[in-house]
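Every number here is computed from the coordinates shown, using simple stated rules; none is lab data. These numbers come from a predicted model, not from an experiment. Because the Cβ atoms are built from the backbone with ideal geometry, glycine has one as well, and the counts that use them run over all protein chains shown.
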Amino acid sequence: VQLQASGGGLVQAGGSLRLSCAASGRAISNYVLGWFRQAPGKEREFVAAHWWSDGRYADSVKGRFTISRDNAKNMVYLQMNSLKPEDTAVYYCAAAVRRGVPYDYWGQGTLVTVSS
């Protein structure tokens, strides 16, 4: 599975962005799909994951971010609302063949910068 993330950019605090991740090479309908982020000088951290109809979120983004998928288009999305400067990071999409196993497939990352 190849993943290509897009949609990052510069936004003011309080604004919104929608990240997209296009998958190719294999249908992703049965995969766990996730978003991670890495801020400058920090380790990569979990943001959100989606499998079947269930979404899970890091506490720091709960209520502000929404992960969704379109299996017909082989796409996964991350809608980010009420953005904060601390959301500034490179965002990566990832895929795992099932729950409980490491994410084996990673996109190249897209930069989100939130100005105060």
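Going toward the positive end of the dipole of the chain, with +1 on Lys and Arg Cβ and -1 on Asp and Glu Cβ, which of S60, T110, A72 do you reach last? Ranked along the dipole, the leading option is A72. Dividing the Cα radius of gyration of the chain by 2.2 N^0.38 Å, with N the residue count, gives 0.99. The label point for D104 and the one for W51, both projected 7 Å from the Cα toward the Cβ, are 1.4 nm apart. Once each of the trypsin sites (Lys or Arg not before Pro) sitting in a DSSP loop with at most 12 other beta-carbon atoms within 10 Å is removed, the chain keeps 1-41 as its longest stretch.
Between S60 and Q12, the C-beta separation translates, for a Förster distance of 25 Å, into a calculated FRET efficiency of about 0.85.
Remark on K84: its backbone amide H falls under 5 Å from those of G14, a criterion applied only to residues 5 or more positions apart or on other chains, H modelled at 1.01 Å from N. Counting Lys and Arg as +1 and Asp and Glu as -1 over every other residue whose Cβ lies under 15 Å from the Cβ of V90, the net charge comes to -1.
Near A39, within a Cβ-to-Cβ distance under 14 Å, what is the net charge of the other residues, with Lys and Arg +1 and Asp and Glu -1? Taking every other residue near A39 into account, the sum is 0.
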